[in-house]
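One structure is given below, encoded as structure tokens.
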Amino acid sequence: MSDLFIRNARPYDDDAVDLVVRDGVITEIGSGLEAPDGVETLDAEGRVLLPGLVDLHVHLREPGGEESETVETGSRAAALGGFTAVFAMPNTAPVADTDVVTAHVRRRGAEVGLVDVHPVGAVTVGLRGEKLAELGTMATTAGVRMFSDDGHCVNDPLVMRRALEYASALDVVIAQHAEDHRLTQGAQANEGVVASRLGLAGWPATAEETIVARDCALAREAGARLHVCHVSSARTVEVLRSAKAAGVTVSAEVTPHHLLLTDAALTSYDPVNKVNPPLRTAADTQAMRAALAEGVIDVVATDHAPHAAQYKDTEWQAARPGMLGLQTALSVVVHTMVEPGLLDWHGVARVMSERPAEIAGLPDQGRPIAVGEPANLVLVDPEEPWTVRGAALASLSSNTPYEGMRLPAVVVATVLRGRVTARDGRVVERTTA
Ligand code: DOR
Ligand code: ZN
């Protein structure tokens, strides 16, 4: 809990103000305020101030995948990307399907102290889709609020039904990686003309659409909260729209890469573009943008998926799916949503901070920039473009699909409960008082 004075910042791009932070809480907002004695000052120089970003979907690879990422390196990437809270998926080794492993991930996050790391618990033991994990124990003893078998779909409808029933009783969220594995066996790319031309087995969009339709029906009956991970297809949006209209408590996320990239990128055969769900068509990216603007898709989540070179720099079929996202997410959202006029800065705050915090039930994140609220903040320079270099990113892996791309908007500073965690592209190490 820290004290901080922020001078000349424009919350949501509105009028410039100064902010006083005491013990991690915003205590004063106004113009021409005096910096309190002995308090660190952050001169915002008229830049845009938003609530700290919240990511419902990251892979930090710890435990067991430390050659690709650790809680520490992933936390650094998160802070530099403007995030103050992230949700770490359970496809680790061992799988985070117990209170012991989930509590360990949370503790590692707290030790690093750069971003709040919330563990996502597995829905089924070992992510095998057969037997439910101890959701209740994870919820009560490790404070787990969200469960997912991400990387895999909970394919069996009876298992998914039971999971949703428990989720309803426990008031937790089931986040589904919607992919009917019977329809995607051997799949390597979006089913369509590009995959055919490249000779890659097709991943049909219906594999996503059918699971989402089924799960909405199951969630409705169970009275449970369902969250759909990484929506990639236009047809899924239509399913979500009608489910929401019918009153199903379903929320959905889209990744930055599904807002920007299409399967046209695959012609290089560079596995950096291999991801699950696969990059789709230009019509799908347009549908993702429209759905996010409209609110049918609630949030942006990165699916930050670091993979060490030995898993990624290989032939297409053998390469693991996934791409980095934490340090490029805000820029891609500005490029795809703000620049074309689909979202303003209030909208960015909604899809990258407020709604994700709401879905996950975080009381202290995604809050308005107002007196009495926790000082979880990100300061953005919307004008400043930058060139993405994988090697320069804080992740242990460098599998960014945006290598060499010029993107708008730089994260100038990130503030976690009044403490500056990143500033001018550098992580600010915690000083032990
Ligand atoms: O591309 C992906 N990578 N999709 C997933 O669902 C899992 C993730 C990973 O763990 O690498
Ligand atoms: Zn997934």
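The values are calculated or read from the model by the stated rules, or taken from the named source; none is laboratory data. None of the values given here were measured: they were computed from a predicted structure. Methodologically, a virtual Cβ is constructed for each residue, glycine included, from the backbone with ideal geometry; neighbour enumeration extends over all protein chains shown.
Among residues of the stretch 30-76 being among the hydroxyl-bearing types (Ser, Thr, Tyr) and within 16 Å of ligand 1 (Cβ to nearest atom), the one that is surrounded by the most Cβ atoms within 10 Å (Cβ to Cβ) is Ser68.
Among the listed residues Val299, Val254, Val250, identify the single one that is within 14 Å of ligand 1 (Cβ to nearest atom), crowded, with 16+ Cβ neighbours inside 10 Å and of a type in the set (A, V, I, L, M, F, W, C). Let's see the steps before the verdict.
Values: Val299 fails: within 14 Å of ligand 1 (Cβ to nearest atom); Val250 fails: within 14 Å of ligand 1 (Cβ to nearest atom).
Checking each option against the conditions leaves just Val254.
Is the stretch 109-127 home to any residue that is β-branched (Val, Ile, Thr), at pLDDT 95 or above, in a strand (DSSP E or B) and more than 17 Å from the chain's Cα centre (by Cα)?
Looking only at the stretch 109-127, we keep the residues that are β-branched (Val, Ile, Thr), and these are 112, 115, 117, 120, 123-125.
Pick out the ones that are also at pLDDT 95 or above and you get 112, 115, 117, 120, 123-125.
The next check asks that each one be in a strand (DSSP E or B); those that pass are 117, 124.
Subset that is more than 17 Å from the chain's Cα centre (by Cα): 124.
Yes: one or more hits.
With respect to Ala282, is the statement that it is within 14 Å of ligand 2 (Cβ to nearest atom), of a type in the set (Gly, Ala, Ser), over 11 Å from Thr255 (Cα atoms) and out of contact with any Asp or Glu (no Cβ under 7 Å at 6 or more places or on another chain) true? Break it down into steps so the answer makes sense when it comes.
On the way: within 14 Å of ligand 2 (Cβ to nearest atom): no; of a type in the set (Gly, Ala, Ser): yes; over 11 Å from Thr255 (Cα atoms): yes; out of contact with any Asp or Glu (no Cβ under 7 Å at 6 or more places or on another chain): yes.
Spelling it out, it is not the case that Ala282 is within 14 Å of ligand 2 (Cβ to nearest atom), of a type in the set (Gly, Ala, Ser), over 11 Å from Thr255 (Cα atoms) and out of contact with any Asp or Glu (no Cβ under 7 Å at 6 or more places or on another chain).
It is to be established whether one or more residues within the stretch 314-323 are within 16 Å of ligand 2 (Cβ to nearest atom) and touching a Leu at 6+ places or on another chain (Cβ under 7 Å). No, because not a single residue in the stretch 314-323 is within 16 Å of ligand 2 (Cβ to nearest atom) and touching a Leu at 6+ places or on another chain (Cβ under 7 Å).
Going by the conditions given, is Leu60 touching a Cys at 6+ places or on another chain (Cβ under 9 Å) and in contact (Cβ under 8 Å) with a residue 12 or more places away in the chain? For Leu60, the condition - touching a Cys at 6+ places or on another chain (Cβ under 9 Å) and in contact (Cβ under 8 Å) with a residue 12 or more places away in the chain - is not met.
Would you point out which residue out of Met352, Met337 is aliphatic (A, V, I, L, M), part of a helix (DSSP H, G or I) and closer than 27 Å to Leu266 by Cβ? Talk me through it step by step, then tell me what you get.
Values: Met352 fails: closer than 27 Å to Leu266 by Cβ.
Going through Met352, Met337 in turn, the sole match is Met337.
Would you mind stating whether Ala293 is away from ligand 2 (no atom under 16 Å from the Cβ), assigned to a helix (DSSP H, G or I) and surrounded by fewer than 24 Cβ atoms within 10 Å (Cβ to Cβ)? Walk me through it before giving the result.
On the way: away from ligand 2 (no atom under 16 Å from the Cβ): yes; assigned to a helix (DSSP H, G or I): yes; surrounded by fewer than 24 Cβ atoms within 10 Å (Cβ to Cβ): yes.
It is true that Ala293 is away from ligand 2 (no atom under 16 Å from the Cβ), assigned to a helix (DSSP H, G or I) and surrounded by fewer than 24 Cβ atoms within 10 Å (Cβ to Cβ).
Can you confirm whether the stretch 63-74 contains a residue that is out of contact with any Gly (no Cβ under 8 Å at 6 or more places or on another chain), free of Cβ contacts under 8 Å to residues at least 60 places away in the same chain and of a type in the set (S, T, N, Q)? No, every residue in the stretch 63-74 fails to be out of contact with any Gly (no Cβ under 8 Å at 6 or more places or on another chain), free of Cβ contacts under 8 Å to residues at least 60 places away in the same chain and of a type in the set (S, T, N, Q). Scanning the stretch 204-230 for residues that are in contact with a strand residue (DSSP E or B) (Cβ under 9 Å, 6 or more places away or on another chain) and assigned to a helix (DSSP H, G or I) yields Glu208, Ile211, Val212, Asp215, Cys216, Leu218, Ala219, Arg220.
Looking only at the stretch 248-266, decide whether some residue is within 16 Å of ligand 2 (Cβ to nearest atom), outside any loop (DSSP other than H, G, I, E, B) and of a type in the set (S, T, N, Q). Yes, because at least one residue in the stretch 248-266 is within 16 Å of ligand 2 (Cβ to nearest atom), outside any loop (DSSP other than H, G, I, E, B) and of a type in the set (S, T, N, Q). Taking each residue of the stretch 271-297 that is more than 15 Å from Met323 (Cβ to Cβ) and looking for partners that are in a loop (DSSP other than H, G, I, E, B) and small (Gly, Ala, Ser) with beta-carbon atoms closer than 7 Å, six or more apart or interchain, yields Thr281/Gly192; Asp284/Ser232; Asp284/Ser233.
When only residues in the stretch 148-160 that are in a helix (DSSP H, G or I) and surrounded by fewer than 19 Cβ atoms within 10 Å (Cβ to Cβ) count, which is nearest to ligand 1 (Cβ to nearest atom)? Break it down stepwise before answering.
Keep residues of the stretch 148-160 that are in a helix (DSSP H, G or I), which gives 157-160.
From what is left, the residues that are surrounded by fewer than 19 Cβ atoms within 10 Å (Cβ to Cβ) are 157-159.
Details: Pro157: 20, Leu158: 22, Val159: 18 Å.
Going through the qualifying residues, I end up with Val159.
Among the residues of the stretch 141-162, those identified as touching a helix residue (DSSP H, G or I) at 6+ places or on another chain (Cβ under 8 Å) and either at pLDDT below 95 or away from ligand 2 (no atom under 16 Å from the Cβ) (or both) are Thr141, Ala142, Gly143, Val144, Arg145, Pro157, Arg161. Restricting attention to the stretch 335-353, the residues that are in contact with a strand residue (DSSP E or B) (Cβ under 8 Å, 6 or more places away or on another chain) and either farther than 21 Å from Arg47 by Cα or crowded, with 20+ Cβ neighbours inside 10 Å (or both) add up to 6.
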